[in-house]
Every structure is written in structure tokens, then in C-alpha cells.
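K.L.:
Supplied in C-alpha cells, the structure appears directly below.
The values are calculated or read from the model by the stated rules, or taken from the named source; none is laboratory data. In this text, all values refer to a predicted model and were calculated from it rather than measured experimentally. We place every Cβ from the backbone using ideal geometry, glycine too, and count neighbours over all the protein chains shown.
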Amino acid sequence: MASLQGMNSKDFELLRELIRERTGLQLGPEGSRQLERRLRERVEALGLSGFGEYHRLLRFQTDGDDELQHVYEAATNSETYFFREDYQLQGFRDEVIPSLAADLQAHRRVTCWSLGCSTGEEPYSIAMVLLESTLLEGWTIRVYGSDLSRQRLAVARRGVYGESSFRSTSVDRRARFFEQEGESFRVRRTVRGMCTFGFVNLITLHERPKYEQPDAVFCRNVLIYFEPEARRRVIDAVFDLLKPGGYLLLGHAESLLHDTTRFVPVHLERDVVYRKPRATSSPPRGVHRRGRHR
């Protein structure tokens, strides 16, 4: 077979539109080279003439749905590590958890959800922070991690990581929460047992059954890749899924300022998080509310 032709602008536009329709992700023009580089091997393996034929397979053929998983892998980034943006996790531990502990004392159960969890470092970090809180000793702790990439979810479930995942992990935390396995480190069973991972396409999040409402949702550095309407749909779905009084935590450069007024901004010492109002209008307990809306 002749060598595969590069992805032209029409090919990219067709693939970009398909990705936007199916996931809400909005690729910029600079994403063309990344998409071509990551998908070239797949197109060649399928014996296709080029990326235009690959798009037709994805959109019109019955096996296109399975093949879309490779496109999702190619279109999303997996950059993550333990205790990323640790200042926010500190605020969660020191200011948000006391509020949740007061609200949930009767049931002594707390549930968190990490959206776009990639290879799992974030949900495991959340579980570790919850374990560090003396307010939650003896509680049932559940942390869910979801992602669009089944390949990255498989890494998360295994819970084994190399040195690059520990760039923000203290020596004490590594000793407490990990065990060495060859040249890598595995998350200890006590932490892995608190975490569950599953495939979720955020564009369909509003269709999820509300069998267990989370008390806190982490959606950090995920929505920046979404087109505006899809972003608003995800935010509304998160609001509906959250337990009344629950929290939404975004990335350090993200805000809900232009997306919704349903959440109440809560100003922590070093961060701004968002809260779903309770049935009553009493102020949140255990948190500071001051400063300007980010």
C-alpha cells in the first residue's frame, strides 16, 4: 500500500466536528498535528487510504463506535500527578471537609467524584486527603473516578505508578500510602479499596442515574477543553447530581462566572470553590466566605 497521506484541513475539520458532537470537546487548530500523529498508526492498521476514509468509518459504519475509543484517546491529554495543585487539596482538607463532616455526621459517610480522572492520580489523592482528616476517622469513604479513556482507566485500576507521578508527593505520604513494586510504586490496598473507576462521557452526564449523590465533585482542568454549550450542560448536570450542600472544585484558572448562577461561590483561604445551596439558607459551616467572586 502507498504511504498514508497526511491529514489535510478538511479531514481535520470533519474529525474535529465528530469529536465535538460525541464528547463536547473543542479542539483548536493546533490540535491537527497531535490528532494526526496519534491516529496515524490506527489508520494504517485498518488498511485505509487516508483520514477521510477513517472519518467515514467512524461516522457511518457499525464498528465505528468501538473505533471511537481510539479517537478519544488521541483527542484528550493525560497530564496528571499525585497532589496536583496541592494548595487546593489543602483547602479541601482544612476548610471544606470540616463543613462536610458537620453536615454528614448522622450518616458518617462521604462520597467524592473526580471527573476526567485520567490515570487515577487525582481520585487516589482525594482519598488520601480524606484519610488524613481526623474528622473522618471511622467513616465510610468512597471516591469515584471517571474518564473518557478506557485505557487510562485500566492504569488507574491497577494503581501502579512511576517516578513522574510523584513530583508533588511528600516523603511521608509516599511511605504511608504506597508500597514499592520493583522500580514503581503501587497505591496501598486500603486506598485502592476506597476508589472505583468507570467510563463516563461527560456530554451524557445528565443521563446518569442519581442513585448516589456525591458530596464533592472535582472537575479540575477539564471544562477548559469543552465548547461553551457543552460546558454549560456538564455544569448543570453536576449541579443536579450533587447532594444539596455539596461542593464543586474547578482548576485554578477556571470559573463559573459566565456559565451559571446556580452555585454559590465559597471563598477559602487560598481558593474559590462552588457550593450547591442547601434547602435552608443558613451559611455554610466550617468555611470562610469572603473576597470577590473568581
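K.L.:
Is at least one residue of the stretch 277-289 surrounded by 15 or more Cβ atoms within 10 Å (Cβ to Cβ), part of a loop (DSSP other than H, G, I, E, B), at pLDDT below 85 and at positive phi?
P.N.:
yes
K.L.:
Could you run through the stretch 32-66 and say how many residues are in a helix (DSSP H, G or I), surrounded by fewer than 19 Cβ atoms within 10 Å (Cβ to Cβ) and either touching a Phe, Trp or Tyr at 6+ places or on another chain (Cβ under 8 Å) or among the basic types (Lys, Arg) (or both)?
P.N.:
So the answer is 7.
K.L.:
For the stretch 192-217, which residues satisfy the criterion of being buried (at least 22 other Cβ atoms within 10 Å of the Cβ) and either over 16 Å from the mean Cα position of the chain (by Cα) or small (Gly, Ala, Ser) (or both)?
P.N.:
Ala216
K.L.:
Having 2 or more residues that are aromatic (Phe, Trp, Tyr) is the bar; report the strands (runs of 3 or more DSSP E) wholly within the stretch 167-226 that clear it. First the steps, then the outcome.
P.N.:
Working: elements: 178-181, 184-187, 195-199, 216-219.
Per the criteria, 195-199.
K.L.:
Right, next: Spot the failing condition for Arg109; the list is (1) in the same structural domain as Leu248 (by TED's automatic domain parsing); (2) in contact (Cβ under 8 Å) with a residue 60 or more places away in the chain, and only one is missed.
P.N.:
(2)
K.L.:
Which one of Thr140, Thr134 is assigned by TED's automatic domain parsing to the domain that holds Glu183, among the polar types (S, T, N, Q), in contact with a Lys or Arg (Cβ under 6 Å, 6 or more places away or on another chain) and surrounded by fewer than 24 Cβ atoms within 10 Å (Cβ to Cβ)?
P.N.:
Thr140
K.L.:
Assess whether Tyr81 counts as being of a type outside the set (A, V, I, L, M, F, W, C), surrounded by fewer than 15 Cβ atoms within 10 Å (Cβ to Cβ), closer than 30 Å to Leu135 by Cα and touching a residue at least 12 places away in the same chain (Cβ under 8 Å). Step through it out loud before you land on a result.
P.N.:
Values: of a type outside the set (A, V, I, L, M, F, W, C): yes; surrounded by fewer than 15 Cβ atoms within 10 Å (Cβ to Cβ): no; closer than 30 Å to Leu135 by Cα: yes; touching a residue at least 12 places away in the same chain (Cβ under 8 Å): yes.
No, not satisfied.
K.L.:
Still on this model: Could you say which residue among Leu248, Leu223 is buried (at least 18 other Cβ atoms within 10 Å of the Cβ), modelled with pLDDT under 95 and among the hydrophobic types (A, V, I, L, M, F, W, C)?
P.N.:
Leu223
K.L.:
Return the residues of the stretch 101-127 that are closer than 20 Å to Arg186 by Cα and of a type in the set (Ser, Thr, Tyr); say none if nothing qualifies.
P.N.:
Within the stretch 101-127, Ser114, Ser118, Thr119, Tyr124, Ser125 meet the criteria.
K.L.:
Would you be able to tell me the number of residues in the stretch 100-136 that are farther than 30 Å from Gln69 by Cα and in a loop (DSSP other than H, G, I, E, B)? Spell out how you get there, then give the answer.
P.N.:
Quick first cut of the stretch 100-136, residues farther than 30 Å from Gln69 by Cα only: 100-110, 128-136.
From what's left, in a loop (DSSP other than H, G, I, E, B): 104-108, 133.
Here the count works out to 6.
K.L.:
Among the residues of the stretch 178-204, count how many are modelled with pLDDT under 95 and under 21 Å from Glu137 (Cβ atoms).
P.N.:
So the answer is 0.
K.L.:
So, one more: Condition test on Phe92, is it hydrophobic (A, V, I, L, M, F, W, C), free of Cβ contacts under 8 Å to residues at least 60 places away in the same chain and out of contact with any strand residue (DSSP E or B) (no Cβ under 6 Å at 6 or more places or on another chain)?
P.N.:
no
K.L.:
Collect the residues in the stretch 1-13 that are in contact (Cβ under 8 Å) with a residue 40 or more places away in the chain and crowded, with 19+ Cβ neighbours inside 10 Å, keeping them in residue-number order.
P.N.:
Met7, Asp11
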